[in-house]
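Chemist: Submitted below is the structure of interest, expressed as structure tokens.
What follows draws every value from the coordinates through simple rules; no lab data is involved. No experiment lies behind these values; they were computed from the predicted model shown. No Cβ is skipped: glycine too gets one built from the backbone with ideal geometry, and neighbour counts run over all protein chains shown.
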Amino acid sequence: MNKKNLIIIVLLVLVVLLSVAGIAIGLKYLNSDEETGGKKLETFSLDLNDMYCNIKDSNKIVKVNITIETNSENTLKAISDKVYLIRDNINQIIRNRTEDELVGKEGQVNLQNDIRESLIKVFNDESITNVYFNDFVMQ
């Protein structure tokens, strides 16, 4: 091989190595959580037992199994001590929904958001981060 070909091969290998290093650094940066300085927030959850709720203006009922997520251990203790209040609150929200308001992904997402917002108001605590449906059956 002549000198010119050797220089081109070395430059290509160098470009490939730098590209791989740049991609690796970029992926590491994207995966870190900027708000917490790269630290993952610890989350806590409370699983509620199955709940059966009537639907407004309907003969159907909804069976739900809900998990409430928080990023505060103190909030977990507070909501664990008041499960009866949470269940009553969720029952009230669902009983005031029609079948059409509960159907489909959009209906369930709206219900999750309304339950979360209601719990934040009841407990006056913004650390309630999410509400998940483990089961959602309408019959």
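Chemist: May I ask for the Kirkwood hydrodynamic radius of the chain, worked out over all distinct Cα pairs and given in angstroms to one decimal? Walk me through the numbers on the way to the answer.
Modeler: On the way: mean 1/r = 0.0536 Å⁻¹.
Hydrodynamic radius (Kirkwood, Cα pairs) of the chain is 18.7 Å.
Chemist: Roughly how many debye, to the nearest 20, is the charge dipole of region 97-139 about its Cα centre, given +1 on each Lys and Arg Cβ, -1 on each Asp and Glu Cβ, and no other charges?
Modeler: Numbers: 4 positive and 9 negative charges, 18 e Å.
Taking the Cα centre of region 97-139 as origin, the dipole is about 80 debye.
Chemist: Using the alpha carbons of region 66-139, what is the convex hull volume per residue in cubic angstrom, as a whole number?
Modeler: On the way: hull volume 6.4 nm³, N = 74.
It is 87 Å³ per residue.
Chemist: Continuing with the same structure: Under a Cβ-Cβ cut-off of 14 Å, what is the net charge of the residues other than Glu126 that fall near it, where Lys and Arg count +1 and Asp and Glu count -1? It would help to have the intermediate numbers written out before the result.
Modeler: Values: positive: Arg116, Lys121; negative: Glu69, Glu117, Asp125.
The answer is -1.
Chemist: Checking the table Lys28/Lys82; Lys82/Lys105; Lys3/Lys28; Lys60/Lys82 against a 32 Å threshold on Cα-Cα, which pairs fail? All intermediate terms of the calculation are to be shown ahead of the outcome.
Modeler: Numbers: Lys28/Lys82 41 Å; Lys82/Lys105 29 Å; Lys3/Lys28 38 Å; Lys60/Lys82 28 Å.
The answer is Lys28/Lys82; Lys3/Lys28.
Chemist: Okay, moving on. Tell me which aspartates and glutamates have Cα within less than 14 Å of Lys56's Cα, excluding those fewer than 8 residues away on the same chain?
Modeler: Candidates past the 8-residue exclusion: Glu99, Asp100, Glu101.
Chemist: Work out the length of the dipole vector of the chain about its Cα centre, built from +1 on the beta-carbon of each Lys and Arg and -1 on the beta-carbon of each Asp and Glu, and round it to the nearest 20 debye.
Modeler: On the way: 16 positive and 20 negative charges, 152 e Å.
Roughly 720 debye for the chain.
Chemist: Considering the options Ala21, Ile68, Leu41, tell which one lies farthest towards the positive end of the dipole of the chain, charges being +1 on Lys and Arg and -1 on Asp and Glu at the Cβ, about the Cα centre.
Modeler: So the residue furthest toward the plus end is Ala21.
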